[in-house]
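See structure below.
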Amino acid sequence: MPFPPPPRTLMGPRRRSLLASAAGAALLVGCSTDGDDTENTADSPSAAERARARAASDSETLLQQYDAVLAAHPTLTDRLNPLRAEVVRHATAFGGSGSTPSPTATAAPSATASASAVPATASDALAGLAAAERSLADKRAKALLDVPGELARLLASVAAAGAGHAYLLTEDAK
């Protein structure tokens, strides 16, 4: 014999209904236009500037990794130079200098010190660059949720380019 349903004595809204409407109200409050949000505009420029500086620094770090691989494996020059040029453009788009010693100027001690951290084989070096590109693309994809419109679009575009670079770097490995 099945149990009868419990009697319902209160005729007000259920907890689930209240929670759902409160969550919906919170979402609606968060969906305001950029021009009407006067409370958060004081914080937005500094947060956006920090995110832009972080993205420029990340691109310059990636550029140094490209330079180290090029110094250790000059046979990869034709393959990596177009990708390296894109990373330079990304760094400058975020406001960075985009300048590190060119891969042909490997006489600097810092280039030889960083070249020692590069894997011995070219395929391992490419895999390391691909992992760095993938990791940075993921980081940027997460960061774009916290920045205003134009910077979010730039982060999304550069993250997509980084994912494309990771694919191109591992294309022959398959």
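The values are calculated or read from the model by the stated rules, or taken from the named source; none is laboratory data. Model, not experiment: these values are computed from the prediction. Every residue, glycine as well, gets a Cβ built from its backbone with ideal geometry; the counts of neighbours run over all protein chains shown. In case anyone asks, the SASA skips ligands and DNA or RNA and just uses the protein heavy atoms, side chains included. Shrake-Rupley method; radii C 1.70, N 1.55, O 1.52, S 1.80 Å.
Put simply, of L129, L136 the only residue that is within 17 Å of P74 (Cα to Cα) and at pLDDT 95 or above is L129.
Taking the stretch 127-174 as the range and being outside any helix (DSSP H, G or I) and open to solvent by 50 Å² or more (accessible area, probe 1.4 Å) as the test, the residues that pass are P148, K174. Is one or more of the residues making up the stretch 100-114 closer than 30 Å to A48 by Cβ and either among the acidic types (D, E) or modelled with pLDDT of 95 or more (or both)? No, there is no match, as no residue in the stretch 100-114 is closer than 30 Å to A48 by Cβ and either among the acidic types (D, E) or modelled with pLDDT of 95 or more (or both). Suppose the filter is farther than 16 Å from A51 by Cα and buried (at least 17 other Cβ atoms within 10 Å of the Cβ); does T121 pass it? For T121, the condition - farther than 16 Å from A51 by Cα and buried (at least 17 other Cβ atoms within 10 Å of the Cβ) - is not met.
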